[in-house]
Amino acid sequence: MFPDYPSIKTKVNSLLIRYVRHEMVRYSPILREIRQTVQHEGHEHAYGDVDGRESPIDYQEAAARFSLTRDEMRRSDFQPIMSKFAKMAETFATQQSKMLFATVSKVTASTGNVVATRGGLSKETFLEMERKRQWSFNPQTGEPRPPALVLDPDTLAKIKNEWESWQQDSEFKAALSAIEQQQRLAWRDRESRRRLAD
């Protein structure tokens, strides 16, 4: 009979799960912005939006394969195993990111909170987008905390140089400052209506 070490297995399991979660965020940083809740039982849940509407959560499965050959099990080198866990994390990150963007697209389309860029991101469409996004602010310092902006790598490459010139445009800077002020007032209004249970 082989010896069993349940406490060691539990610790290793915990460390490997933490590693996979860390790698997932490395592959898809937007996942860091998403609050997670563990649901220990049941198959249904709902979430509420800022307007007080409740919507059911459509649970979707994310899965990745993990297997070791006999030869890999015999080796004392742990690096090939960790690279398999990293690959698993990449698979999870890709699946969860796709689910996230599909959900965001569905919700924004249903509320009409969409900005058509028509093949490119101009100053005007950027400002329109900032008006529609919901900012938050640091309660202690008042510093703005706009939500993360996720761009396609090709779009980012196109506007990188343009962004530099936008920063020199006084009208653009004034418009952005006015949006920040509007967002600050809207945030204060939301904060004043929050319930203690939030």
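In straight Cα distance, which aspartates and glutamates are under 20 Å from K173, not counting same-chain residues fewer than 8 positions off? Qualifying aspartates and glutamates at Cα under 20 Å: E124, E128, E130, E143, E162, E164.
Rounded to the nearest 500, what is the 222 nm mean residue ellipticity of the chain from helices alone, with -39500 (n - 2.57) per DSSP H run of 4+ residues and division by all residues? The partial results should precede the final answer.
Values: 6 runs with 109 residues, N = 198.
Taking each H run of at least 4 residues, the total per residue is -18500 deg cm²/dmol.
Which of the residue pairs K84/K106; K123/K160; K98/K132; K84/K160; K84/K158; K123/K158 have a Cα-Cα distance greater than 24 Å in the structure shown? Mind showing how you got there, number by number?
Working: K84/K106 33 Å; K123/K160 12 Å; K98/K132 22 Å; K84/K160 35 Å; K84/K158 35 Å; K123/K158 13 Å.
Pairs exceeding the cut-off: K84/K106; K84/K160; K84/K158.
Panel values: the chain, Kirkwood radius from alpha carbon pairs, Stokes-Einstein at 20 °C and 1.002 mPa s, translational diffusion coefficient 101 µm²/s.
Give, in nm to one decimal, the length gained when the segment between R26 and D51 is fully stretched (0.36 nm per residue of separation minus the Cα-Cα distance). Don't skip to the end; give the middle numbers.
On the way: separation 25, 0.36 × 25 = 9.00 nm, distance 3.30 nm.
Taking 0.36 nm per residue and subtracting the Cα distance, the gain is 5.7 nm.
Computed in the context of the full set of protein chains, the accessible area of the range 64-155 at 1.4 Å probe radius has 53% of its extent on carbon or sulfur. Accessible area per residue for the range 1-143, computed on protein heavy atoms with a 1.4 Å probe, is 81 Å².
For the range 1-85, what is the charge dipole size about the Cα centre, in debye to the nearest 20, if Lys and Arg each add +1 at the Cβ and Asp and Glu each add -1 at the Cβ?
Working: 13 positive and 13 negative charges, 139 e Å.
Using only the charged Cβ atoms, the result is roughly 660 debye.
Helix 170-192 and the long axis of the chain differ in direction by around 70°, with both axes built from C-alpha atoms. Once the Cα-Cα distance is subtracted from the 0.36 nm per residue extended length, the W163 to S14 segment shows a gain of 49.3 nm. Our note on the geometry: Cα centres of the range 163-198 and the range 102-122, 20 Å apart. Between the residues Y5, L15, S110, the greatest Cα displacement towards the positive end of the dipole of the chain, with unit charges on the Cβ of Lys, Arg, Asp and Glu, is found for Y5.
The values are calculated or read from the model by the stated rules, or taken from the named source; none is laboratory data. All figures in this text were calculated on a predicted structure; none of them were measured in a lab. Note that each Cβ is placed from the backbone with ideal geometry, even for glycine, and that neighbours are counted across all protein chains shown. Accessible surface areas use protein heavy atoms only, side chains included; no ligands, DNA or RNA. Shrake-Rupley method; radii C 1.70, N 1.55, O 1.52, S 1.80 Å.
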